[in-house]
1. Heavy atoms only, 1.4 Å probe, whole protein assembly: order 222, 260 by accessible area, highest first.
2. Counting Lys +1, Arg +1, Asp -1, Glu -1, what net charge surrounds residue 204 among other residues with beta carbon under 12 Å of its beta carbon?
3. In whole Å, what is the distance between the alpha-carbon centres of the stretch 177-207 and the stretch 2-29?
4. Could you run the Karplus curve 6.51 cos²θ - 1.76 cosθ + 1.60 with θ = phi - 60° over the stretch 173-190 and give me ³J(HN,Hα) per residue in whole Hz, x for Gly and Pro?
5. Work through the residues other than residue 67 whose Cβ is under 13 Å from its Cβ and net out their charges, Lys, Arg +1 and Asp, Glu -1.
6. Mind checking which of 160, 48, 173 has the largest fluctuation in a GNM of the chain, springs on alpha carbons under 10 Å?
7. Tell me the per residue accessible area of the chain using a 1.4 Å probe; a whole number in Å² is fine.
8. Counting only protein heavy atoms and a 1.4 Å probe, tell me what percentage of the stretch 20-146's accessible area is made up of carbon and sulfur.
Amino acid sequence: MSIDVLVVGSVNEDIVVSVERLPGPGETLLASELTILCGGKGANQAVAAARGGVRVALVGAVGDDDAGGRQGAALDGAGVDTRWLRRLTGVPTGTAFIQVDSRGENTIVVVQGANAHVALPVGDVEPQVVVTQNEIPPAAQQEAVALAARTGARLVINAAPAPESPPPWYGAADPLVVNEHEAAQLATSDEAGAGLLRQLRERTGARSVVMTLGERGALVDDGTEVHAIPPVVVEQVVDATGAGDTFVGVLAARLARGNDVVAAASAANRCAAKAVTWPG
């Protein structure tokens, strides 16, 4: 089967509470609102890629609970092929608990649930781009890497949440996508900007690296030089929760459409900036 982007990743139900500010250790705050949304890095990235106008399929797992049914229906409605989204008996759907403050900043705690059982399908799958992240087990990530190598697909790895040290398969990434915090942790470096990016690519062996900088845009090390992606000004940041996943999904879609990594990252940056202007 030929598809443009195959996302191997997590599917979560997001439980979002709105607070004036994020609480400190041991502190209790009253929330102004509670919202239940569809999420998970894999699902978010698949939806963003599908909205980029390419054919997208998701490999993932949910429980046989109501949350799993909601996630599957939402993905179908967004145009994502869910034939490889497994529904597992007796296992809860993954859940993310998200706090969002008045500035749009957030904290997230994830319960893995069914995401601990993600496995790639057996059969002929020929994607142009394979995307994976760290909310699924390392074995599933390695299967995604092997599939990309076997089919000649381009491999996008989003190193989020950041592991304690970069695994060897990060060397196959083209690109490895990180934010500044993840880059500093993986590179074990106090450097910033282009220096940090180069150190990360040297340590991981990744063919290219993209580092998102939030409101300051992004940096791309394409293996030859470092390119600065300029920031996009938005009137108001409502919720930054989905910005990183929007970036990765649009990046993958643009790569599948033939953009180079710098052009793809530029388009992804514009879409991520738009994504922070509404909740979820």
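The values are calculated or read from the model by the stated rules, or taken from the named source; none is laboratory data. As the structure is a computational prediction, the values presented were derived from the model and not from experiment. Here the Cβ is made from the backbone with ideal geometry for all residues, glycine too, and neighbour counts use every protein chain on show. Note: areas computed on protein heavy atoms with side chains; ligands, DNA, RNA excluded. Shrake-Rupley method; radii C 1.70, N 1.55, O 1.52, S 1.80 Å.
1. The ordering from most to least exposed comes out as 260, 222.
2. 0
3. 24
4. 5, 8, x, 8, 10, 9, 9, 4, 4, 5, 4, 5, 5, 6, 7, 6, 9, 9
5. Spelling it out: positives minus negatives among the neighbours equals -3.
6. Between 160, 48, 173, it is 160 that shows the largest mean-square fluctuation.
7. Value returned for the chain: 45 Å² of accessible area per residue.
8. With neighbouring chains kept in place, the figure for the stretch 20-146 is 52 percent.
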